[in-house]
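*Asks:* Okay, here's the structure, questions in a sec.
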Amino acid sequence: MAIPHLTDEQIRTWTRQQKDRWWLENVWRGDMPQLTFRSALTGFLLGGFLSATNLYVGAKTGWTLGVGLTSVILAFAVFRILSRMGLRDMTILENNCSQSIATAAGYMTGPLISGLAAFMWVQNETIPWWKILFFNLTLSVLGVLVAFPMKRRFINDEQQPFPEGRACGVVLDTLYTSQAHVGVFKAKVLAISAILAGGLQFMTGEAYQKWIQVKLLGRETFSALPHYLDGWLYSLWPKLAIGGIDPRQMGLRLSLDLAMIGAGGLMGIRVAVSMLVGAAINFLILVPWMANIGEIVPKSGSLAEGTAQFTRAHILNTWALWWGIALMVVAAMTSLFAKPKMILSAFSGLFKKGERQQGEDVLKNIELPISVSAAGIPIIGVVAAAMAHAWFGVSWIFGLTAIAMVIVLTLIAANSTALTGITPTGSLSKIPQFLYGSLDPLHPPTNLMTGVMCVEVASNASNLLMDIKPGYMLGAKPRQQAMGHVIGIVAGALASTPLFYALFLSNLEPGGNIMETMVTDQFGFPSAVQWKGVSDLVTSIFATDGAAPLIPKSAVISMIIAAIVGLAMELWRNFSKGKFPLSPLAIGLGVVVPPDSTIAMAIGAGFFWWMDKVYGKKPETTGYKLWVDTQEPICAGLIAGAALVGIGDVLVKVFLLK
């Protein structure tokens, strides 16, 4: 059935009290189960499962993927199967609660693959797991407290769309009304995709195959399906080189990575092609050029003698990173400030007076009381500032003012999420990094950890509002949604924190280089590379005692050119209302993401783009049903299957073969 909603005129002319009363009378399902033990447990388990896949994909691409629709379909399928075995089926609000919990868990990986990893690299010291766990939990709970006062404005009063959240609400309504078979079909497609991707990942997993064939079966050697598909090329052309550099040393390879193919299908053709352009400019043109004129020095050997040895991480850190960072920073900030109306509208509601803010609070018995946020924000904020001071050396004044800045940045982030579905955490992180980096340039943890504080709270609050949107559409209890989100926060932290250490730090030798240990051909940590690059750049600009890292002159020139190009491209993109075919931010991302992942994502994006061209206007065909209507379940299945089995391969290597 159609979800009841207000007309545009009612949204524009009614007071919030009128809107709340209408919602209470027409939408609220007061007697329907929502936050039950089984919905909480389902969301908790799904959240842990999906946060693991997000950690894996984030370490490869720098992005955390939305998991709301995936968790909706999975929870629906699981309980539909159980209902056939005699158990009561899950209600629509229980499913919504499960997806909210799972989504909150999935986003807990953000700091691990960005600011916290960058802190470890800059300081070359690991952070104890329990500090990361409690710091993330504290900031995420603060995000919940910041979000709920904004919920009354963005959702109750202004009825903002929150596109991804609205999509979840529509899908849930569809599944629980007339088209339940659609959800079952999508769940089957997701499961088949996951099994195929997981099976292929298992066959390419060297740790799995070595453990089974050598340890269990007693063979002397083992064989595995090749992960890279370019072996035949080097057998025909052993001395293949680009400007004297072996392409494999730059990561220019074609890999059998279905997780990245799935990620490309979700990100879309424009972003994927832009990343491919960035990788091509960097590794096919600039890097060979700079290496041949001596600006990029090999780790060992000589380019002239044909013995030069490079690694992708070495190339990035010594030269290539800087132009990519400049392009991303300028493009991100231009995108943010090129829309002043959106920024101003984020604050306009704070100053509304009169009828909209008067009258009885008709939802006071089901909303999270404003008093909880009013008391909790300063208390939890002081706790977060104390942690930053005691554990990361951030001064009290910087920590406390960062908490104040959180409110401003959250308003901007939430407004962007409400209108576009995109939370601009990458753009927003630069603001505290540059601000606090200029104030304390000789202590990089200041700009890194204040950035983590601001971005984690703003991101969590914005994502919570996205999760609340389908609940509001379907008549859920706001207080129980807040409790569910906290459950998801705990699930994500408990799942992702120990997994982070097992996957990326278990091979760290005493006194070893943490960045070289974590950044491998498999995991590029592009988001953390960007955070560290901005931190180094801030120190280079503002430090005055010669302690700043030395940036080659040619790299400085490349940064200036990249900044100008990024500004021009982003302005063109904005003024043309998105018609410009490339994303400058994604071009910069193509510099830091491993090229084999970029190529795989471009393949995935290209495939689904072509399927949409062929079947997009033919909804009656099987091709549309399979490749267009179920694109997201297919991609989610590829990511989940390959990521979980890939994680297992690393764990087997660490714990069974070490």
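*Asks:* For the structure I just gave you, tell me whether residue 468 is part of a helix (DSSP H, G or I) and either more than 30 Å from residue 256 (Cβ to Cβ) or in contact with a Lys or Arg (Cβ under 6 Å, 6 or more places away or on another chain) (or both).
*Replies:* yes
*Asks:* Still on this model: What's the number of the only condition in (1) closer than 25 Å to residue 184 by Cα; (2) in contact with an Asp or Glu (Cβ under 7 Å, 6 or more places away or on another chain) that residue 594 fails to meet?
*Replies:* With (1) closer than 25 Å to residue 184 by Cα; (2) in contact with an Asp or Glu (Cβ under 7 Å, 6 or more places away or on another chain) applied to residue 594, the lone miss is (1).
*Asks:* Filter segment 1-37 down to residues that are part of a loop (DSSP other than H, G, I, E, B) and either in contact with a helix residue (DSSP H, G or I) (Cβ under 9 Å, 6 or more places away or on another chain) or surrounded by fewer than 16 Cβ atoms within 10 Å (Cβ to Cβ) (or both), then give me how many there are. Spell out how you get there, then give the answer.
*Replies:* Step one: list which residues in segment 1-37 are part of a loop (DSSP other than H, G, I, E, B), which gives 1-7, 14-15, 27-36.
Adding the requirement that they be either in contact with a helix residue (DSSP H, G or I) (Cβ under 9 Å, 6 or more places away or on another chain) or surrounded by fewer than 16 Cβ atoms within 10 Å (Cβ to Cβ) (or both) leaves 1-7, 14-15, 27, 29-36.
Residues in segment 1-37 being part of a loop (DSSP other than H, G, I, E, B) and either in contact with a helix residue (DSSP H, G or I) (Cβ under 9 Å, 6 or more places away or on another chain) or surrounded by fewer than 16 Cβ atoms within 10 Å (Cβ to Cβ) (or both): 18 in total.
*Asks:* Just for segment 210-235: of the residues that are within 18 Å of residue 255 (Cα to Cα) and assigned to a helix (DSSP H, G or I), which one is farthest from the chain's Cα centre (by Cα)?
*Replies:* Across segment 210-235, the extreme among qualifying residues is 235.
*Asks:* Let me ask you something else. Out of 493, 502, 482, which single residue is at pLDDT below 90, in contact with a Leu (Cβ under 7 Å, 6 or more places away or on another chain) and farther than 27 Å from residue 584 by Cβ?
*Replies:* When all the criteria are applied, what remains is 482.
*Asks:* Evaluate segment 350-370: report whether one residue or more is outside any loop (DSSP other than H, G, I, E, B), of a type in the set (Gly, Ala, Ser), under 28 Å from residue 145 (Cβ atoms) and at pLDDT below 75.
*Replies:* no
*Asks:* Go through segment 522-555 residue by residue and tally those that are at pLDDT 80 or above, surrounded by fewer than 23 Cβ atoms within 10 Å (Cβ to Cβ) and either at positive phi or among the charged types (D, E, K, R) (or both).
*Replies:* Summing the residues that are at pLDDT 80 or above, surrounded by fewer than 23 Cβ atoms within 10 Å (Cβ to Cβ) and either at positive phi or among the charged types (D, E, K, R) (or both) in segment 522-555 gives 2.
*Asks:* Here's a follow-up. Since residue 654 meets every condition but one in (1) within 23 Å of the chain's Cα centre (by Cα); (2) part of a helix (DSSP H, G or I); (3) at pLDDT below 90, which condition does it not meet?
*Replies:* (1)
*Asks:* So the check is Cβ under 6 Å with 6+ separation or different chains; which pairs have a first residue in segment 8-19 that's closer than 22 Å to residue 364 by Cα and in contact (Cβ under 8 Å) with a residue 40 or more places away in the chain and a second one that's acidic (Asp, Glu) and part of a helix (DSSP H, G or I)?
*Replies:* If the second residue must be acidic (Asp, Glu) and part of a helix (DSSP H, G or I), the pairs left are 15/355; 16/157.
*Asks:* Note down all Cβ pairs under 6 Å where the first residue falls in segment 415-428 and is closer than 11 Å to residue 466 by Cα, the second is at pLDDT 75 or above and outside any helix (DSSP H, G or I), and they're at least six residues apart or on different chains.
*Replies:* From residues that are closer than 11 Å to residue 466 by Cα, the pairs are 418/160; 418/162.
*Asks:* A further question on this structure: Is it true that residue 483 is out of contact with any helix residue (DSSP H, G or I) (no Cβ under 8 Å at 6 or more places or on another chain) and among the aliphatic types (A, V, I, L, M)?
*Replies:* yes
*Asks:* Give the residues of segment 16-56 that are over 22 Å from residue 76 (Cα atoms) and modelled with pLDDT under 85, sorted by residue number.
*Replies:* Passing the criteria: only 16.
*Asks:* Within segment 115-165, take every residue that is assigned to a loop (DSSP other than H, G, I, E, B) and modelled with pLDDT of 90 or more and give me the one that is farthest from residue 480 (Cα to Cα). Steps first, answer last, please.
*Replies:* We begin by selecting, within segment 115-165, every residue assigned to a loop (DSSP other than H, G, I, E, B); these are 124-128, 158-162.
Keeping just the survivors that are modelled with pLDDT of 90 or more gives 124-128.
Numbers: 124: 42, 125: 40, 126: 37, 127: 34, 128: 33 Å.
Checked segment 115-165; the qualifying residue farthest from residue 480 (Cα to Cα) is 124.
*Asks:* Can you name every residue in segment 620-648 that is among the hydroxyl-bearing types (Ser, Thr, Tyr), part of a helix (DSSP H, G or I) and touching a Phe, Trp or Tyr at 6+ places or on another chain (Cβ under 6 Å)?
*Replies:* Across segment 620-648, the qualifying residue is only 624.
*Asks:* Considering only segment 65-79, I want to know if a residue exists there that is more than 29 Å from residue 643 (Cβ to Cβ) and part of a helix (DSSP H, G or I).
*Replies:* no
*Asks:* Is it true that residue 189 is touching a Ser or Thr at 6+ places or on another chain (Cβ under 9 Å), crowded, with 16+ Cβ neighbours inside 10 Å, of a type in the set (Val, Ile, Thr) and at negative phi?
*Replies:* yes
*Asks:* Sticking with this structure for a sec: As an exercise: evaluate residue 463 against (1) buried (at least 23 other Cβ atoms within 10 Å of the Cβ); (2) farther than 28 Å from residue 591 by Cβ and give the number of the one condition it does not meet.
*Replies:* (2)
*Asks:* Any chance you could count how many residues in segment 264-276 are surrounded by fewer than 19 Cβ atoms within 10 Å (Cβ to Cβ) and either part of a helix (DSSP H, G or I) or at pLDDT 90 or above (or both)?
*Replies:* The number of residues fulfilling the criteria is 1.
Rundown of residues vs (1) acidic (Asp, Glu); (2) under 14 Å from residue 270 (Cα atoms); (3) at pLDDT 90 or above, yes/no style:
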| site | (1), (2), (3) |
| --- | --- |
| 568 | no, no, yes |
| 578 | no, yes, no |
| 581 | no, yes, no |
| 615 | no, no, yes |
| 626 | no, no, no |
| 636 | no, no, no |
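*Asks:* Can you confirm whether residue 90 is touching a Lys or Arg at 6+ places or on another chain (Cβ under 9 Å) and either under 30 Å from residue 441 (Cα atoms) or not in a helix (DSSP H, G or I) (or both)?
*Replies:* Answer is yes for this residue.
*Asks:* When residue 612 is evaluated against the numbered criteria (1) surrounded by fewer than 18 Cβ atoms within 10 Å (Cβ to Cβ); (2) among the acidic types (Asp, Glu); (3) in contact with a Lys or Arg (Cβ under 7 Å, 6 or more places away or on another chain), which criterion, by number, is the only one it fails?
*Replies:* Only one criterion in (1) surrounded by fewer than 18 Cβ atoms within 10 Å (Cβ to Cβ); (2) among the acidic types (Asp, Glu); (3) in contact with a Lys or Arg (Cβ under 7 Å, 6 or more places away or on another chain) is unmet by residue 612, namely (3).
*Asks:* Now a separate question. Among the candidates 88, 38, which residue alone is over 30 Å from residue 518 (Cβ atoms), among the basic types (Lys, Arg) and without any contact (Cβ under 8 Å) to a residue 24 or more places away in the chain? Don't jump to the end; show me each part of the working.
*Replies:* Working: 38 fails: without any contact (Cβ under 8 Å) to a residue 24 or more places away in the chain.
It is 88.
*Asks:* Shifting gears a bit: Tell me which residues, restricted to segment 509-535, are within 19 Å of the chain's Cα centre (by Cα), within 16 Å of residue 559 (Cα to Cα) and among the polar types (S, T, N, Q).
*Replies:* Residue satisfying the conditions is 530 alone.
*Asks:* The conditions are (1) modelled with pLDDT under 90; (2) more than 16 Å from the chain's Cα centre (by Cα), and residue 487 fails exactly one of them. Which is it?
*Replies:* With (1) modelled with pLDDT under 90; (2) more than 16 Å from the chain's Cα centre (by Cα) applied to residue 487, the lone miss is (1).
The values are calculated or read from the model by the stated rules, or taken from the named source; none is laboratory data. All of these numbers come straight from a predicted model, not from anything done at the bench. With ideal geometry, Cβ positions are generated from the backbone for all residues, glycine too; neighbour counts draw on all protein chains shown.
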